[in-house]
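The values are calculated or read from the model by the stated rules, or taken from the named source; none is laboratory data. In this text the structure is predicted, and so the values were computed from the model without any measurement. In this analysis, Cβ positions are derived from the backbone assuming ideal geometry, glycine residues included, and neighbour counts consider all displayed protein chains.
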C-alpha cells in the first residue's frame with residue numbers, strides 16, 4: 001500500500017496533470033495556430049484518437065521521468081531537468097523536422113515550464129515520507 005501511495009499515485013496524478021495541461025494548451029490556446037501551420041505545410045494536423053493516446057503515453061513517460069529525477073534533485077532542479085529533457089529535446093526534434101511553428105514558443109515555453117513545475121511539485125509532495 002505504501003508503494004502505491006508513495007510511487008504509483010504521485011506518478012498517476014502527475015500524468016493526469018500533464019495530460020490536461022497538454023490538451024488545454026494545444027487544443028484551446030494554440031489549436032488554430034497548429035491547424036494553420038500544418039495547412040501551410042500541406043499537411044493535416046494529427047488529431048485522431050490514436051494521437052491522443054500516444055500523448056497519454058508520453059505524459060506517463062514524462063511523469064515517470066520526473067519521479068526518477070526527483071529522487072536525487074530539489075524541486076527547481078527536477079523541474080528544470082525534466083523540462084529540458086521533456087520539452088527542449090522534443091522541440092529540437094520537431095523543429096528539425098520543420099513542423100514546429102516557432103510562433104507558439106512565446107506561450108509554449110512558460111506553459112510547459114509551469115507544467116513541469118506542477119508535475120514535479122505533485123510528485124515531490126505526494127512521494128515525501130512523513131519522517132522527512
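The rows are residues; the columns are (1) in contact with a strand residue (DSSP E or B) (Cβ under 6 Å, 6 or more places away or on another chain); (2) assigned to a helix (DSSP H, G or I); (3) surrounded by fewer than 17 Cβ atoms within 10 Å (Cβ to Cβ); (4) in contact (Cβ under 8 Å) with a residue 60 or more places away in the chain.
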residue	(1), (2), (3), (4)
57	no, yes, yes, no
66	no, yes, no, no
72	no, no, yes, no
83	no, yes, no, no
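So for the stretch 106-113 (the condition being more than 18 Å from residue 25 (Cβ to Cβ), assigned to a helix (DSSP H, G or I) and either modelled with pLDDT under 95 or touching a helix residue (DSSP H, G or I) at 6+ places or on another chain (Cβ under 7 Å) (or both)), does at least one residue qualify? No, the stretch 106-113 contains no residue that is more than 18 Å from residue 25 (Cβ to Cβ), assigned to a helix (DSSP H, G or I) and either modelled with pLDDT under 95 or touching a helix residue (DSSP H, G or I) at 6+ places or on another chain (Cβ under 7 Å) (or both). For the stretch 23-55, taking the residues that are in contact (Cβ under 8 Å) with a residue 40 or more places away in the chain and surrounded by 13 or more Cβ atoms within 10 Å (Cβ to Cβ), the one that is farthest from residue 111 (Cα to Cα) is identified as 38. Output the residues belonging to the stretch 85-105 that are assigned to a helix (DSSP H, G or I) and in contact (Cβ under 8 Å) with a residue 12 or more places away in the chain. Once the filter is applied, which keeps residues that are assigned to a helix (DSSP H, G or I) and in contact (Cβ under 8 Å) with a residue 12 or more places away in the chain, the stretch 85-105 yields 85, 86, 87, 91, 103, 104, 105.
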